[in-house]
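The values are calculated or read from the model by the stated rules, or taken from the named source; none is laboratory data. Values in this document were obtained by computation on a predicted structure and should not be read as measured data. Here the Cβ positions follow ideal geometry from the backbone for every residue, glycine too, while neighbour counts run over all protein chains shown.
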Amino acid sequence: MGRGYDRHGNLHPHRSADRLSIMGKKAMRKIPMKTNTLHTMRSGLLLLGMILAVLASAFPGSAQAAVLPASTCTEVSGTRTCDLWATTGTLTLPGSVTVNIWGYAADSLSPAGLPGPMLIANAGETLVVNLHNNLGETTSLSIPGLFGTSDTVGVTSGNTKTYTYSGLQAGTYIYQAGPTYNGERQVAMGMYGVLIVRPAGAPLEAYGPASAFNDEAVLVMSEIDPNLSANPSTFDMREYTPRYFLFNGKAYPDTDNIDTIAGNTILLRLVNAGIKSRSLGMLGLRYSVISMDGKVFSKPHFAYAETLGAGQTADVLVNIPVSAPADQMYAVFDSSLRLVNNSTRFGGMLTFIHVTGTPGSGDTTGPVSSGLSLSPNPSNGSSLVAFNATVDDSSTGGSVVDQAEYFIDTIGASGSGTAMSGAFASATEAVTASIDPSSLSSGSHNIYVHGHDAAGNWGAFTSITLVLDKAGPSVTGLSANPNPSAGASNVTITGTANDSASGNSNVTDAEFFIDSIGADGSGTPMTLNQNAPVVSLTTTLSAATMSGLAEGSHWIYIHSRDAYGNWGAFASLELKVDKTGPSTSALQLRPNPNNGALPYAPSFQSVRLDATFSEPGAGPTTSNVVNAEYFIDTVGANGTGILITPSDGSFNSAAENGYSYIPLITVNALSQGNHVISVHAKDSVGNWGPFSTITLVIDKTPPTASGVTLTPPASNNTAVAVSATGDDTATGNSNIAAGEYFIDTLGAAGTGAAMTSASASPSATINGTIPAGTISALTAGNHTVYVRAKDAAGNWSAAASATLLIDRTAPTFTGITLTPNAIPVGTASITLTVNGATDPLVSGLASGVAGGEYWFGTTNPAPGGGTAFSGSSVNIPTSSLTPGTYTIRARIRDVAGNWSTGANGVRGTTFRVSYPVYFSTVGNSNPPGLIDTADDADVYLWNGTVFSREFDATAFGLPTGANVDGFDRIDSTHYYFSFVADTVVPSLGTVQDEDIVYYDNGVWSVYFDGTAQGMTAAAHDIDTFKIVGGILYFSTVGNTNPPGVAGTADDSDIYAWDGMSFSRVVDVTALGLPATANVDGLFFVDATHFYVSFVDNATVPGPGSVQDEDIVYFNNTVWTLYFDGTAQGLTAANHDIDEFDLP
């Protein structure tokens, strides 16, 4: 525990130094530990002067009640429940200074008060405090001096925690924030209050008759540091320096007086909630210290200034002189004389005992009340209670008693009680009253009485306790035996009726009802063992009654009546009627099927039976499972079967697992076929449940094995998969469970290499693998593989076999062929064919060629690293290939896994991929593969594989001398053309070489009249053109600009005509082409993306020397070769491309 806390986690009330230690050494240094005599004398003189000044001035208003309430909170049956809300608030100090506080409130809507709500209970009660946390951080509750476990965890903000303290003892206690994190800060912010525990039935005594009093008051001493209040979450507690010193949350002059009258005894309950020890002084009075921290002294002592440590409490009695004049003031103060408010004198811990009224001239003491009696007492509250007492002033002044009054539970101001009757003519009077108890709650009530004499003196109170028994006895401890019941035998019901907490009258009757409650007194009577406030109850439910109850839960309702006729509340008991036995499920037999020789485990030569038993079975009521049994084939009487063992060692719960071992000698004696195992269980009531069954299959006939397959059937050094079919459908119908294989020599059943069953079926494939290591150890040639199958009953089949060839000779082949070997871009595939493949015989054996693999490029991967194929041909995907020449290589493999090796183990060839292109040539020579008459005006197509004639100029009316030098293809019947020289065109006549005509499916028309647009010079002849978006893009044969175009002309430049004017679109010299380059073919995309061909060979940045039959592509500063005419066979001079177009 932390320093300053006792073993229960409560702050030790005597360790003021420990309380100071949590504030740090700096705070301790500020507390003066010694005071010299001169200082004390000066302070005393100053205090005397201040007090004299106060006595000469008007007094503060009196707000202190003469007697505190008898109790607070809510009490039920000896338990007092209080609710505290930990929350925030504000406090106004002298000088209109307002500070923030943390503290406690009595409800959720009120702010925190300083101190917290007063809790008042009685000795012997149990105190329950519900702490509701609205503080915004975790907090807990501690009450030093009360037994309880230290709460270092607390309750988080927004939640509630309950604290319980039983067996309260009389005394004055402090309650405060407990030892959770920040607990000391919470106390310093104001989280404290007072708990008063009174002696039971004596609210005007502190601990007993010797501590009787007339008036009482609480003084809670504490202090405030405004700096902490301003920033409570971030303030450094080592800097804690109090500036205000408080009585009950107030500093003088705002403190409340303690009112009393001359001759009275005042009980002062002192609580030091601060961090320093405090010495409480009184000018003109001394007091008797009767207890500390709720512990009464056997020998009280007198004091003028008793010191209380931090967190300590004390009870003191102050006797006011009978001779004290009216308005006499007695100062009550902090005897350290630090009576300041934030260093301003004077204030702090200062208040006054104020003697009110005018004392009598002779008789100054009130009469004594005695001889109190109540009849009837106890009472059930149904009639008036006669209250009698004697009021006597003969020994306290001898005045005539002129009135008397009483209070119930709470004492009010004198003269405000209920008047009593009497003659009121002498110093001794018998007084009476009739108390109507109908509005009072059941339980104990304190009746306080005192009298008044003719001299004006009210006497001290005397009390008597009225016990109201308005509630019937409670019923507890109900039990039924047996419970649950099978409904076939008697059931005994027992319980206890107790009226000690509800009037303590004798219990006279008890009754019970089954399932529904009837009118009081109409139930079935029960037997009481005695006539007393606490009795035992018994009754028996007969077997006939039980048999009439349906299966399920039934409720027995029992209550009792006391001697005053009060029936108590019902208590209930659940009586279960269980007429159905447990259910049985999850039956399991292992191993099953069985051939009579297959054990559960080597150490258990048996078949194991497992089952699960649970309640309720088919009924609604749950009992414990207590037994289980089974039968083989024939079911006998309940309880005569073979016992099942509980898995956990004991059948004693509603759900159980059990097992049993059926010896193999028993299993072997069973005939071939199915045998029924019947299992059921019994519950604690005696009900046997229904049977559940499982079939034990006896199968003593082996399965068959067939269809042995080896994959591959031949191998060099690689693993071989072995498979076969196991079939038991005609020999017991058990599932095929496993298999085994042998190589060359057949061994005993169960000794071969393991194989697994592919499915849980009577006919199943069994699989195994001959590892590569085993294969490598075999000699070349044929080997026999034997296979057996095993069924689930443990029977092994006869062996089946297959031949495995070990072949370690590589195959050979003469080459590969690609068909076709030239394709256009986007072609789906080409076919690779292996030529001359063979697998040489060795000793007359060979496994045969199985397939091979291929790859692109000239780097050979390791065998198996290419793309595999089977047989002698494969289709190779080519749709994603870009134009170019590709190398394909291949090797082959035989069935045994041998790859072709050596110099001719890998064969290769090439194929070409190219773009399709439409073109016209400069001369009258056909491209390769064409045989018709060539014409330099014809349009040809290269589709990536072969050449074809797309447009036969002669067939469409052009003269044989026409030579196309520019065209733009729309489709096969729609073209735009320009010519090398003036040409006669059908229906148009002579067309100039700077003009463009349009062919529309047999109809010719002029599209562009170059002469009309000023293209009249010889160098203006159009050499190539394309029409894009209605704009004509072209290049000329010479170095002359079109009209309106400035700058150096170049026969490689690209110009545009937009229908209004000419412009240069591309200056090819700026793109790196030499001045000698002359463009004669164009496909225009935009100014930074176009394709061109040249009149003669030209040097192009990037590709280098480009032939006049090639096409290049300009892609935003980068030149690349697009079409290699030479590679496609355009090698003659007449094959030079004169114009082209792209699909």
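Observations on the structure shown:
- Of the candidates ASN638, ASN624, the single residue that is in contact with a Ser or Thr (Cβ under 7 Å, 6 or more places away or on another chain) and touching a residue at least 12 places away in the same chain (Cβ under 8 Å) is ASN624.
- Region 140-170, subset free of Cβ contacts under 8 Å to residues at least 40 places away in the same chain and among the aromatic types (Phe, Trp, Tyr), residue surrounded by the most Cβ atoms within 10 Å (Cβ to Cβ): TYR163
- Any hit, region 1046-1056, residues being within 27 Å of VAL1106 (Cα to Cα) and of a type in the set (S, T, N, Q): yes
- Complete set of residues in region 453-462 that are within 10 Å of GLY397 (Cβ to Cβ) and assigned to a strand (DSSP E or B): ASP453
- Among the candidates THR40, THR88, the residue that is in a strand (DSSP E or B) and either surrounded by fewer than 16 Cβ atoms within 10 Å (Cβ to Cβ) or modelled with pLDDT under 95 (or both) is uniquely THR88.
- Region 1013-1032 residues that are on the phi > 0 side of the Ramachandran plot and in contact (Cβ under 8 Å) with a residue 24 or more places away in the chain, paired with ones that are in a strand (DSSP E or B) and surrounded by fewer than 23 Cβ atoms within 10 Å (Cβ to Cβ) (beta carbon under 9 Å, 6 or more apart): GLY1014/PHE1062
- Condition check for GLY495: in contact (Cβ under 8 Å) with a residue 24 or more places away in the chain and not in a strand (DSSP E or B): no
- Taken residue by residue, region 968-977 has no member that is without any contact (Cβ under 8 Å) to a residue 24 or more places away in the chain and farther than 26 Å from PRO824 by Cβ.
- Residues (closer than 28 Å to GLY596 by Cβ and among the hydroxyl-bearing types (Ser, Thr, Tyr)) located in region 723-780: THR725, THR729, THR731, SER734, TYR741, THR751, THR756, SER757, SER759, SER761, SER763, THR765
- Across region 445-488, the qualifying residues are those that are over 55 Å from the mean Cα position of the chain (by Cα) and among the aliphatic types (A, V, I, L, M), and the one among them that is nearest to THR72 (Cα to Cα) is ILE447.
- Any chance VAL679 is at pLDDT 95 or above and not assigned by TED's automatic domain parsing to the domain that holds SER776: yes
- Candidate set: region 729-746, residues that are farther than 19 Å from GLN672 by Cα and not hydrophobic (A, V, I, L, M, F, W, C); chosen: the one nearest to the chain's Cα centre (by Cα): GLY739
- The strands (runs of 3 or more DSSP E) found entirely in region 1089-1139 that carry 2 or more residues being surrounded by fewer than 19 Cβ atoms within 10 Å (Cβ to Cβ) and over 60 Å from the mean Cα position of the chain (by Cα) are 1104-1106, 1118-1123.
Each row is one residue, and each column tells you yes or no for (1) in the same structural domain as VAL340 (by TED's automatic domain parsing); (2) buried (at least 22 other Cβ atoms within 10 Å of the Cβ); (3) of a type in the set (Ser, Thr, Tyr).
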| residue | (1), (2), (3) |
| --- | --- |
| THR172 | yes, yes, yes |
| GLY190 | yes, yes, no |
| GLY193 | yes, yes, no |
| ARG198 | yes, yes, no |
| GLU205 | yes, no, no |
| ALA217 | yes, yes, no |
| ASN231 | yes, no, no |
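- Candidates PHE407, PHE424, PHE387 - the one that is among the aromatic types (Phe, Trp, Tyr) and in a loop (DSSP other than H, G, I, E, B): PHE424
- Top-ranked residue in region 659-700 [being small (Gly, Ala, Ser) and closer than 25 Å to ASN483 by Cα; ranked as surrounded by the most Cβ atoms within 10 Å (Cβ to Cβ)]: ALA681
- Residue that is farthest from SER797 (Cα to Cα) [pool: residues in region 701-751 that are assigned to a loop (DSSP other than H, G, I, E, B) and of a type in the set (Ser, Thr, Tyr)]: THR718
- Test: residue in region 444-452 that is more than 24 Å from GLU205 (Cα to Cα) and either in the same structural domain as ALA501 (by TED's automatic domain parsing) or assigned to a strand (DSSP E or B) (or both): no
- Single residue of THR666, THR634, THR622 found to be more than 29 Å from LEU575 (Cβ to Cβ) and part of a loop (DSSP other than H, G, I, E, B): THR634
- Filtered by the rule that a residue be in a loop (DSSP other than H, G, I, E, B) and over 30 Å from GLY905 (Cβ atoms), region 770-797 gives ALA792, ALA793, GLY794, ASN795, SER797.
- Residue that is farthest from ASN498 (Cα to Cα) [pool: residues in region 545-587 that are surrounded by 15 or more Cβ atoms within 10 Å (Cβ to Cβ) and without any contact (Cβ under 8 Å) to a residue 60 or more places away in the chain]: HIS554
- Taking region 250-260 as the range and being surrounded by 23 or more Cβ atoms within 10 Å (Cβ to Cβ) and either over 23 Å from ASN341 (Cβ atoms) or without any contact (Cβ under 8 Å) to a residue 60 or more places away in the chain (or both) as the test, only THR260 passes.
- Candidate set from region 798-835 (those that are part of a strand (DSSP E or B) and among the small types (Gly, Ala, Ser)); member that is surrounded by the most Cβ atoms within 10 Å (Cβ to Cβ): ALA822
- Subset of region 875-925 [loosely packed, with under 15 Cβ neighbours inside 10 Å and either out of contact with any strand residue (DSSP E or B) (no Cβ under 8 Å at 6 or more places or on another chain) or under 30 Å from PRO713 (Cβ atoms) (or both)]: ASN875, SER880, THR901, GLY902, ALA903, ASN904, GLY923, ASN924
- If the condition is being touching a Ser or Thr at 6+ places or on another chain (Cβ under 9 Å), aliphatic (A, V, I, L, M) and more than 18 Å from TYR940 (Cα to Cα), then region 1110-1143 contributes only VAL1112.
- Given (1) within 30 Å of LEU805 (Cβ to Cβ); (2) in contact (Cβ under 8 Å) with a residue 24 or more places away in the chain; (3) not aromatic (Phe, Trp, Tyr), number of the condition ALA748 does not satisfy: (2)
- Sole exception among (1) at pLDDT 95 or above; (2) assigned to a loop (DSSP other than H, G, I, E, B) for ALA1077, by number: (1)
- Strands (runs of 3 or more DSSP E) (entirely within region 290-371) containing at least 1 residues that are surrounded by fewer than 14 Cβ atoms within 10 Å (Cβ to Cβ) and at negative phi: 295-303
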